[in-house]
Amino acid sequence: MRGSVLHGQDNDFGLRDRIEWVDAAKGIGILLVVIGHSLGGMIDSSMLSRSGGSAFVVRCIYVFHMPLFFFLAGMFVPRSAHRTFHDYFLNKASVIVYPYFLWSVLEGSIQYLASRYTNNHIAASDLPKIILQPIDQYWFLYTIFLMYMIYWFVYHRRFSNYEFLIFGLLLYAFEAFGLNIVRWDVFHSFCSFLIYFALGAKAGETSIFTYLRMLNGVRLLGLAISGYVLIVVAAAVGLSDLPFIHAVFAVAGTVATIASAMLLSRSSVWSSFLRILGVYSLEIYVSHTIFSAAARIAMPKALGYSGPPLHVLVETTVGIGIPLLLAIWGPRIGLPYLFTLSRSRQNTEIAAVEIPLT
């Protein structure tokens, strides 16, 4: 994916030969993740009210930002599932399992050592438990790895993506009706989010994305605004908290973000910025909370100011900027395995090749 950058062949930041709107959508998604975690950290630190406007923004973001990532991952899974299980497993393990354990241990150790300063407190005995119980945002990596593994078996037993979607819907209903009595948080996440992964796999084999890409700017903008307004209204009146209806708004937010990405990808400035964030979304996701939290703790002492607007700006900038620097410059300074076991994710990252989705 970005072997050219990592090995110094050019300066395209890994953007070459990729689907522009997919990277832009991931860029929007990871930006929302960092902003949401920054605001959430400030709320947990009592810097912001739990019933104020910032909490409402967080609630809106959480309606759809993770379903978006599951959907985008699902879109491309059929294109890698044809491999042998050995190759498929090693591929996913190098870009999911490896950073899961590495960054879970790093962040967990930092939380333990700096427990007096952080919102989340864990004991040293909690670290070995990450084999079964993820900490913080790393639940996503654990959950999506299980989805990838399940999909391989479904694919090789000739089940269609439609049947896989029905399976995801049944598990979602199983979770929504409170029938899931398994005492394992990962399985609850799996049941709650598989529907979006499966929906992405099904959508990827249709012509929906070709249709959306052909829409003019006004229609794409209208689609994006409609989706986001729907989420805001739903969150305001409490509809987004209702199990089955929640999924409708999650899909609306996903579609709105894809429409926004397609529209913004037509602008060279916004396209480049968002696509860089999308290309490095994994690196940002696994490490941003460490740097954002450090900024939140240090700012009042370093600047003598703890106003929310500046906090959000600095925490978001640091949470994105430092992971980007580590991802781009790590291999150049002898640290090629900070995030994955592959020096180049050219053949492992989803959406690595520009293939029309028709």
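Of all residues in segment 289-311, which are at pLDDT 80 or above and under 22 Å from residue 121 (Cα atoms)?
Across segment 289-311, the qualifying residues are 289, 290, 291, 292, 293, 294, 295, 296, 297, 298, 299, 311.
Could you list all residues from segment 83-114 that are of a type in the set (Lys, Arg) and assigned to a helix (DSSP H, G or I)?
92 - this is the single residue of segment 83-114 that is of a type in the set (Lys, Arg) and assigned to a helix (DSSP H, G or I).
Can you work out which of the residues in segment 256-278 that are hydroxyl-bearing (Ser, Thr, Tyr) and modelled with pLDDT of 95 or more is farthest from residue 32 (Cα to Cα)?
It comes out as 260.
Which of the residues that make up segment 45-74 are touching a residue at least 12 places away in the same chain (Cβ under 8 Å), among the polar types (S, T, N, Q) and assigned to a loop (DSSP other than H, G, I, E, B)?
Once the filter is applied, which keeps residues that are touching a residue at least 12 places away in the same chain (Cβ under 8 Å), among the polar types (S, T, N, Q) and assigned to a loop (DSSP other than H, G, I, E, B), segment 45-74 yields only 45.
Please verify whether residue 322 is of a type in the set (A, V, I, L, M, F, W, C), more than 30 Å from residue 48 (Cα to Cα) and modelled with pLDDT of 75 or more, treating the condition exactly as stated.
Criteria not met by residue 322.
For segment 192-210, state whether one or more residues are surrounded by fewer than 13 Cβ atoms within 10 Å (Cβ to Cβ) and either of a type in the set (Asp, Glu) or within 20 Å of residue 23 (Cβ to Cβ) (or both).
Yes.
Specify which of the listed residues (49, 38) is surrounded by fewer than 13 Cβ atoms within 10 Å (Cβ to Cβ) and modelled with pLDDT of 85 or more.
49
Looking at 73, 81 in this structure, which one is closer than 30 Å to residue 148 by Cα, of a type outside the set (Val, Ile, Thr) and buried (at least 18 other Cβ atoms within 10 Å of the Cβ)?
73
The values are calculated or read from the model by the stated rules, or taken from the named source; none is laboratory data. This structure is a prediction, so every number in the text was calculated from the model and none was measured. We place every Cβ from the backbone using ideal geometry, glycine too, and count neighbours over all the protein chains shown.
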